[in-house]
Every structure is written in structure tokens, then in C-alpha cells.
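Worksheet: the structure to be examined is printed underneath.
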Amino acid sequence: MSISKIKSVFENLTTCDAWSLQLLQVKSSRRNGTTYCGREITLSPKDTMTNFLTEISDKYCSQEKGIEKMFESVTDYDGSTIDKTIYKLDIGSELISNEYHLFIEAIGNPDFEINPLKFLAHAYVIKGIVSISGEEIAVKLVSMQNPVTSLKHKFLCANGIFKEITDKVISLRTTIDVIIIDNTVYMLTLAGEKLFNMERAYKSICEKQITNIIASNIVNDNIEFSNVANFGHNPRKFVAFNDSYLQKLNSVNVRKKMSRKFNIPLDGDKFDVSKPGAADKIVKILCSRGMVDPFDQNPMEVSSSKKWE
């Protein structure tokens, strides 16, 4: 889906008159994984919700500062963090499929009883059906910020005296972090990663692929390579891991070729990861972050890569 098509969803938000607005709680733990709970709320008067959606629509459809100015491309999520990029994932992606199912289950059966101002919310969700050119499309808008807040240092005038407001209120911002259109998740900001606890997912992928790399017997120090591959931003790079590259590195001749091309030292016929930077370079090559300059054939690091169109 192009940016213009995402814009068309924002343009048609007010075609739905039966939106569900929910506060959303997202919890993650090693024992229980990721859990969700929704708390349905109703805004009054009746046209308040429509006015709020109109404000969101106006923001993202603005000719001067709208979504077509905010972003330059829509691309598959690969763990990179390129500016002005909308990252998309299918709801069946191994990165989010389990969490997405739990998320949908939670907002499909929201709580109506708990005091919303005592509800430990982390986001709010608006879901409904919009009509575009006669086609009905399921849409969910998610803003990843706690909408329950205290009005500190705010004062209300009563009989000429300003009294401090200490009560909690619901504060809805117009910034949308995630928009889910039918079966595709679009992350307008990387705060969307928190919605599906994606750090857990890409760390799991990282561990699995490190095991495969070590099993391929291409590095001379398994512990050192594992330590480097698990460090810093490296785990998220494994979202773009290319198994065919690893299969090619099973060839000694290919390893020697990569050693020369990317300046990765060898220890016999294995990559010598005891040398500074060697393990990082292997991660970059296998995760589509290492490329060759088309003019001088010098190695270079890229933020992301995809097939030439």
C-alpha cells in the first residue's frame, strides 16, 4: 500500500459513525509473555468523537504537513530505522502474529467496569470500518502514549478564585503511531514496536540465527561471535537475516572471497572473530547491511537493502 492509499484512509475516517475508543494496557514479562487489556470509554457529547477524528484526518491529510510530507516510502519492516519511512508487517509475520492475536482478542472483549482513571493504560485504540470508493475497510488507529494524566499546575476559575485541578483526566493526542488496515500493520513511528513487544521477537530470531551460524562452522570463536552478535543494535538487524547468504558462506572459496572484499581476517579457513570489528562485519553481511560501492567496488555499510526495481 502506498502513502497515498494510507492517506485515503485518513481522508475517510468520518465515513464511520460507530467507532470504538479504548484505553489499552500492554504488559510484558518473561513468565506471561505479552498481555493486553482494553477499557472501552465513551465521549460526550455525541459529536465529540467525530470532531476528534476530523482533527486527526486534517492533520494527516494536510497539504503542508500531512502524511505525504512526513514520509517518503512504505517498506517491509526489516529492523532498520530509516527516517521518513513507514514500516509495514503482515499480521501473520512471525514478529507479531502471536501478539497481534492477543491484541485483537483483548480489544474485541474490552472491560467496561474498571474505573478508567485508575486503569494503567499505555495507549489508546480507535477501531471501526471506513468506506472508500464503496469498499468497507477495517481500520485500527493506535496512539502509544498513556492517555490518563494528571493536570499538574492547572487552575480552574471559580468565583474569581483560581483553584488547582488535581483530578486525573483522559487526554487524547492526535498523533497516531500505528495504523492497522485490514491485515497489514503500518508503523508510522517506531513506538509501534512496543505495541507488539517486537524486541522480544527479534532477539528470539537473533538467538536462533546465531545458533545456525555457529553450527555452520564458519567462525573461529563461537563465544566471541555470540557476544558481539547479541550486543547493542545487532539483534534487530537479524530481522533481515538472509539464510541464502549463510548457505553460500559454507563454501571455503566464498569465505575467502568475502574476506578479501570486506576485509574480514581469516584464521585458516574460518573467519577470525577475535579481531576487532570482524564479527560485526559478518552480522552486517548476513543481515543485508554490507554492500559494495558500484563504482569502485569498495565495501560499504547500508541501513537497509532491497531488490532493485
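No lab work stands behind these numbers, since they all come straight from the coordinates. These numbers come from a predicted model, not from an experiment. Positions of Cβ are backbone-derived with ideal geometry, glycine not excepted, and every protein chain shown enters the neighbour counts.
Given +1 on the Cβ of Lys and Arg, -1 on the Cβ of Asp and Glu, and no further charges, what dipole in debye does the chain carry about its Cα centre, rounded to the nearest 20? Could the numbers behind the result be given before it?
Numbers: 39 positive and 38 negative charges, 171 e Å.
Taking the Cα centre of the chain as origin, the dipole is about 820 debye.
Comparing K140, K168, K154 in a Gaussian network model of the chain (Cα springs below 10 Å), the most mobile by mean-square fluctuation is K154.
Output the 0 to 90 degree angle, nearest 10, between the alpha-carbon long axis of helix 97-108 and the longest principal axis computed from the alpha carbons of the chain. Helix 97-108 sits at roughly 0 degrees to that axis. Helix 252-262 axis versus longest C-alpha principal axis of the chain: approximately 60°, rounded to the nearest ten.
The calculated 222 nm mean residue ellipticity attributable to helices in the chain amounts to -9000 deg cm²/dmol, summing -39500 (n - 2.57) over DSSP H runs of n ≥ 4 and dividing by all residues. Projecting the Cα atoms of T54, Y100, V74 onto the dipole axis of region 1-101, where Lys and Arg carry +1 and Asp and Glu carry -1 at the beta carbon, places Y100 farthest toward the positive end.
When peptides 55-63, 120-128 are ranked by their average number of other Cβ atoms within 10 Å per residue, the highest-first order is 120-128, 55-63. Across region 201-301, the relative contact order, built from alpha-carbon pairs under 8 Å that are at least six residues apart, equals 29 percent.
Given +1 at the Cβ of Lys and Arg, -1 at the Cβ of Asp and Glu and no other charges, the dipole of region 201-301 around its Cα centre is 200 debye to the nearest 20. For region 201-301, the Kirkwood estimate of the hydrodynamic radius, built from every pair of different alpha carbons, is 13.5 Å.
Listed by chain and number, the aspartates and glutamates whose C-alpha is less than 20 Å from the C-alpha of K118, apart from same-chain residues fewer than 8 away, are E40, D167. For helix 198-215, what angle does its Cα long axis make with the longest principal axis of the chain, in degrees from 0 to 90 and rounded to 10? Here the helix axis deviates by roughly 10 degrees. Charged side chains reduced to their Cβ positions (Lys and Arg at +1, Asp and Glu at -1) give region 103-179 a dipole of some 460 debye around its Cα centre.
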